[in-house]
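Take a look at the structure below.
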Amino acid sequence: MKYLHKVIAGLVLCTGCITSCKDDNKTELPGGLLTDKEEIAIGPEGGLEKIAVLSDISWVAGASKPWIAVSPANGLGAAECQLTIDSTLENTARTAQIRFSSEQAGQKLITVTQFGFGKQILLNETDVEIENSARYEKRTFEMVVSTNINFKIGSVEYAFDGIQSDEEKAEYESERTGWLTQPRQDDLAVDLDRKARPRTVKANFRWEMNTAPFVRVAKIHLVPMDPANDQLVDDNGNPIEDVVLTIRQKPALKIEDNRAGDSLAVITINEKVQSMIKFETSENMQNWENVTLWEATDKDLPCEEAVGRIRSVNFVMIDMKEGESLPKEVRYLKYLESFSIRSNANSQIRDIHLGEEICELKHLKELVLYSYGITSLPANFAKLGGATNEGYAGLKSLSLSATNFATLSTITKVVNKENFPYLTSLALNGSRRTDSLSDLTLVQGGKYNGRPIGLFVNVSRGSERDALLSLLLWENLQSLTLAYNFIEGELPTDEEMETALERAGRPTHYTSDDFSTEKADYLDKLVGDTCRWLLTDDNPVTFTATDETTETVTGQEIPRVLPKTRYLSINLNFLTGKLPNWVLFHPYFVEWYPEIGFFIQQERGKNSAGESVGFSNIDADNFDFTYYYGAEDPGSNTTVSGVAYPLYYRRFVANSSTEDAE
């Protein structure tokens, strides 16, 4: 009724102005009836309209066309009438009259014009504003379209709002485009089953978070699927080419190249990956858990500007969704030496991306992607190796554990000794996307029950054999982990490794260059007298296989494979065949804890051929190391007949110190 009171007051004021010039003081209504409107225009969807009536006589009202209903249809004095206007079924405009009349006076006509639908695409909102950041499930907006034609998204124009310098344009160009994921064309389909009456369709756009300190604008152009036959018109019937939905995204805070910028970058990343561990922002950054800073006393300080900046950061218990990438803010942590992100929720069923931005971190030496969900590496990942780009420190440790890679070759074509010459630790274990599979005959096309199973390869042939050989020829590796994957086949034989070493231009057997008398060289060389047997052609040592067959070798017959590797594991896979001598007589073999890290394959496992898995020449439960370090303390003797490394007895049996053993 507020609407009616306001209108009546206006009508009375108007009437007073009209009659004020008369000699008498009587207020009269022209014709005894007054309305607040003479014309009404409405869109094709119809709806409700109100008309205020001011009268001092009785009146009746009616519509000339049945597509308009008037309520109330009669009255005495002032009233508010409501028109209910149907939506149209036609493409052209139509008109009708509302007639107010009475016996004491004439009549009052109001014209109603309803535009036709024509060929139209109508948006419930033509301008939408979204936040710069939000949780994954909230990073969508809904487009509601009413239309009477089949339509599609013709193009999307991206831009930054506001003037930017050339430097800013170059820095944020990668952020300008592609931050909207369009709905599928099937989601835009409409069922045009009733002439020109429009149908309403709803479709979701997913948006990425804005890391640029500028408003991002996207103009989405909706166009006919068949422009030759469907000419779009606006509400007035004028021809148009398209309908535009404008999306404006709020800017991000500017991350500067300083200590405050580091803290903002970490907080932003933590929020975007939805970690359950929060950083206490009320505390000084040097007191944050999972973060360490560079100090002036650090021996390997990159430069003076690095003091106080973040040296390492660890994000744990995250919840990144399918298709997401590591937040781009990681590039602002320019002095980062160690980066770790672990334990993504449901990582086995999600494919997550790493993103190119981490490849910009020139000082990165350690990278841990544990249970993260990646299936491939960024195009520029080799930059982190330090061999291809000047100024990069080069990774020393890389963990791709519990990821979703399908093949070894996917990794080794990028992560290899040529691209990563400084790498000493490589973890490729746990790449299983299902934990319940023990029979590989059930796998079809790399899938089990319709889903990818993870790192499923046969290392006996083809590119996967080459990938394994490339790892075994990487002599600088000190740790290599391949456990708990779906690796089947046989390990390369001694003869095959000798051939591969020769082709690579490497020594096929151990030489005096592999030894040193300096204890400081212990990571790169064999120190002391412990393993001198490798240099000899005498003192043959015999290994007895599970089936009681024997094989006798001398030190110079042992292939020089991974000479610096202090730890190698390939357990809980589906390997078969013979365990070769380059494993059984490796100088660090016992340090690999082979009973756990090597011998044990998948329990009750079957490979793709239906064969039970496990090595044919060892008894995992009753393995005898006598051939390796003997059956008793050798005293001061560095050579014991029939024993490869007698001094290891003290270390692994008699529990003497490492120094004494060496």
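Yes or no: region 197-204 includes at least one residue that is touching a Leu at 6+ places or on another chain (Cβ under 6 Å), surrounded by 14 or more Cβ atoms within 10 Å (Cβ to Cβ) and part of a loop (DSSP other than H, G, I, E, B). Yes.
If residue 489 meets every condition in (1) open to solvent by less than 30 Å² (accessible area, probe 1.4 Å); (2) under 25 Å from the mean Cα position of the chain (by Cα) apart from one, which number is that one? With (1) open to solvent by less than 30 Å² (accessible area, probe 1.4 Å); (2) under 25 Å from the mean Cα position of the chain (by Cα) applied to residue 489, the lone miss is (2). Among all positions in region 497-514, there is at least one residue which is of a type in the set (S, T, N, Q), under 23 Å from residue 591 (Cβ atoms), open to solvent by 10 Å² or more (accessible area, probe 1.4 Å) and out of contact with any Ser or Thr (no Cβ under 9 Å at 6 or more places or on another chain). Could you tell me whether residue 460 is over 24 Å from residue 561 (Cβ atoms), open to solvent by 40 Å² or more (accessible area, probe 1.4 Å) and part of a loop (DSSP other than H, G, I, E, B)? Considered against the rule, which asks whether it is over 24 Å from residue 561 (Cβ atoms), open to solvent by 40 Å² or more (accessible area, probe 1.4 Å) and part of a loop (DSSP other than H, G, I, E, B), residue 460 comes out as no.
Just name the residue that is farthest from residue 245 (Cα to Cα) out of those in region 153-183 that are assigned to a strand (DSSP E or B) and among the β-branched types (Val, Ile, Thr). So the residue we want is 181.
Looking only at region 190-219, residues that are closer than 30 Å to residue 169 by Cα and out of contact with any Gly (no Cβ under 9 Å at 6 or more places or on another chain) come to 12 in all. Within region 401-456, restricting attention to residues that are charged (D, E, K, R) and within 19 Å of residue 379 (Cα to Cα), the residue that is surrounded by the fewest Cβ atoms within 10 Å (Cβ to Cβ) is 418. Please indicate, with yes or no, whether at least one residue in region 55-70 is acidic (Asp, Glu), assigned to a strand (DSSP E or B) and over 25 Å from residue 237 (Cα atoms). Looking for residues that are acidic (Asp, Glu), assigned to a strand (DSSP E or B) and over 25 Å from residue 237 (Cα atoms), one finds none in region 55-70, hence no.
Inspection of region 490-499 identifies no residue that is assigned to a loop (DSSP other than H, G, I, E, B), touching a Cys at 6+ places or on another chain (Cβ under 9 Å) and under 30 Å from residue 601 (Cα atoms).
Condition (residue is at pLDDT below 95, assigned to a loop (DSSP other than H, G, I, E, B) and in contact with a strand residue (DSSP E or B) (Cβ under 8 Å, 6 or more places away or on another chain)) applied to region 297-319: is it met by at least one residue? Within region 297-319, one or more residues are at pLDDT below 95, assigned to a loop (DSSP other than H, G, I, E, B) and in contact with a strand residue (DSSP E or B) (Cβ under 8 Å, 6 or more places away or on another chain). In region 388-440, the qualifying residues are those that are modelled with pLDDT under 95 and among the acidic types (Asp, Glu), and the one that is nearest to the chain's Cα centre (by Cα) is 435.
Quick check: is even one residue across region 510-524 of a type in the set (Phe, Trp, Tyr) and over 49 Å from the mean Cα position of the chain (by Cα)? Within region 510-524, none of the residues are of a type in the set (Phe, Trp, Tyr) and over 49 Å from the mean Cα position of the chain (by Cα). The set of residues from region 210-222 being touching a strand residue (DSSP E or B) at 6+ places or on another chain (Cβ under 9 Å) and either open to solvent by 30 Å² or more (accessible area, probe 1.4 Å) or assigned to a loop (DSSP other than H, G, I, E, B) (or both) comprises 210, 212, 214, 215, 219. For region 51-102, residues that are among the β-branched types (Val, Ile, Thr) and open to solvent by less than 50 Å² (accessible area, probe 1.4 Å) total 8. Return the pairs, sorted by first residue and then second, in which the second residue is acidic (Asp, Glu) and open to solvent by less than 10 Å² (accessible area, probe 1.4 Å), the first residue lies in region 302-329 and is farther than 24 Å from residue 212 by Cα, the beta carbons are less than 9 Å apart, and the residues are 6+ apart or on different chains. Close Cβ pairs satisfying both conditions: 308/262.
Looking across region 453-479, the residues that are under 16 Å from residue 580 (Cβ atoms) and among the aliphatic types (A, V, I, L, M) come down to 459, 468, 469, 471, 472, 473. The residue list 322, 305, 280 contains one member that is of a type in the set (D, E, K, R), open to solvent by 80 Å² or more (accessible area, probe 1.4 Å) and closer than 22 Å to residue 355 by Cα, which is 322.
Selection within region 232-249: residues that are touching a residue at least 12 places away in the same chain (Cβ under 8 Å) and surrounded by fewer than 13 Cβ atoms within 10 Å (Cβ to Cβ). The member of this set that is farthest from the chain's Cα centre (by Cα) is 236. Please specify each residue of region 642-662 satisfying the condition of being at pLDDT 95 or above and either surrounded by fewer than 15 Cβ atoms within 10 Å (Cβ to Cβ) or among the small types (Gly, Ala, Ser) (or both). The answer is 642, 644.
Number of residues in region 38-52 that are charged (D, E, K, R), closer than 14 Å to residue 99 by Cα and part of a strand (DSSP E or B) equals 1. The residues listed here are 86, 166; of these, the one that is free of Cβ contacts under 8 Å to residues at least 24 places away in the same chain, over 24 Å from the mean Cα position of the chain (by Cα) and farther than 30 Å from residue 318 by Cβ is 166. Is there a residue being in contact with a Lys or Arg (Cβ under 9 Å, 6 or more places away or on another chain), assigned to a loop (DSSP other than H, G, I, E, B), more than 25 Å from residue 614 (Cβ to Cβ) and open to solvent by less than 30 Å² (accessible area, probe 1.4 Å) anywhere in region 464-474? Checking region 464-474: at least one residue is in contact with a Lys or Arg (Cβ under 9 Å, 6 or more places away or on another chain), assigned to a loop (DSSP other than H, G, I, E, B), more than 25 Å from residue 614 (Cβ to Cβ) and open to solvent by less than 30 Å² (accessible area, probe 1.4 Å).
Return yes when residue 186 is part of a loop (DSSP other than H, G, I, E, B), over 22 Å from the mean Cα position of the chain (by Cα) and loosely packed, with under 12 Cβ neighbours inside 10 Å and no when it is not. No, not satisfied.
Being more than 30 Å from residue 453 (Cα to Cα) and of a type in the set (Val, Ile, Thr) is the requirement here; does residue 481 meet it? Answer is no for this residue. If the condition is being in a strand (DSSP E or B), under 15 Å from residue 374 (Cα atoms), in contact (Cβ under 8 Å) with a residue 60 or more places away in the chain and not basic (Lys, Arg), then region 429-453 contributes no residue at all.
So, in region 156-183, of the ones that are of a type in the set (Val, Ile, Thr) and within 17 Å of residue 251 (Cβ to Cβ), which residue ends up least open to solvent (accessible area, probe 1.4 Å)? By that ranking, first place goes to 177.
The values are calculated or read from the model by the stated rules, or taken from the named source; none is laboratory data. What you see is a predicted model, and the numbers here were worked out from it, not measured in a lab. Virtual Cβ from ideal backbone geometry, glycine too; neighbours counted across all protein chains shown. These area figures cover heavy atoms from the full protein model, side chains too; ligands, DNA and RNA do not enter into them. Shrake-Rupley method; radii C 1.70, N 1.55, O 1.52, S 1.80 Å.
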